[in-house]
Amino acid sequence: DAKTTQPPSMDCAEGRAANLPCNHSTISGNEYVYWYRQIHSQGPQYIIHGLKNNETNEMASLIITEDRKSSTLILPHATLRDTAVYYCIVRVDMNNNAGNMLTFGGGTRLMVKP
Amino acid sequence: EADIYQTPRYLVIGTGKKITLECSQTMGHDKMYWYQQDPGMELHLIHYSYGVNSTEKGDLSSESTVSRIRTEHFPLTLESARPSHTSQYLCASSEGWAGELFFGEGSRLTVL
């Protein structure tokens, strides 16, 4: 799986949009971009994933550049409860690939401030 | 809300004791996983399972063992706990190898 690079920490004001970047310059054509978050050492929580089109759900939006070498997770109106470590992961999404495990890196520690 | 449960949430135990961390899911998922995470550090995969009667070692070597006798149950055992085993252990499951992983809330183990 391709390696990802994320800033170790970011701050965001409550109510503002939080934009979390991720670089994955060695991503291959069949690798998806996944985002998870972990709030205060609880189990990680799935947020969103995509291949090349931008995606949006009730939690966040995922913007993937045209060359797919980077992406941005957007929390449109950050709240204090969004304070967490956010992980960007790339992997091949194949149900017949037994070696296809999620590999978590260091992530970005997002601090939402009042 | 994910239907995956871990017990105990917290355990403090003395060196040399045998411990079992329980993990159960009610989603009928075939694939289950154990991750280990030290405070403030990355998650590391230590065990996973394809389904009943299958277990595999993960990326990080661990002295723990696992079993998968029933689809919904994936316990982790340490035969003789040591202080170096102090960590948080997170269980997860998924329907297939692709897609979303559902995590439990974790078991925080302290070995004195």
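No value in this document is a laboratory result; all are computed from the given coordinates. In this text, all values refer to a predicted model and were calculated from it rather than measured experimentally. Reconstructed Cβ throughout: ideal geometry from the backbone, glycine too, with neighbour counts over all protein chains shown.
Please compute the Kirkwood hydrodynamic radius of the protein assembly as shown from all pairs of different C-alpha atoms, in Å with one decimal.
Radius from the Kirkwood sum: 18.2 Å.
For A:LYS113, go through the aspartates and glutamates and keep the ones whose alpha-carbon is under 17 Å away, minus same-chain ones fewer than eight residues off.
Cα-Cα hits under 17 Å: A:ASP11, A:GLU14, A:ASP82.
With N set to the residue count of chain B, report its C-alpha Rg divided by 2.2 N^0.38 Å to two decimal places.
For chain B, the normalised Cα radius of gyration comes out at 0.99.
With a 10 Å Cβ neighbour count serving as the proxy for reagent exposure, in which order, fewest first, do A:ILE48, A:ILE63 appear?
The fewest-first ordering by Cβ neighbours comes to A:ILE63, A:ILE48.
In whole Hz, with x marking every Gly and Pro, tabulate ³J(HN,Hα) for the stretch B:16-31 from phi via Karplus 6.51 cos²θ - 1.76 cosθ + 1.60, θ = phi - 60°.
In residue order, the calculated couplings are x, 6, 8, 10, 10, 9, 9, 9, 9, 9, 10, 9, x, 6, 6, 8 Hz.
Identify all lysines with a Cα-Cα distance to B:LYS17 below 28 Å; exclude those on the same chain that are fewer than 8 residues away in sequence.
Result set, ordered by chain and number: B:LYS57.
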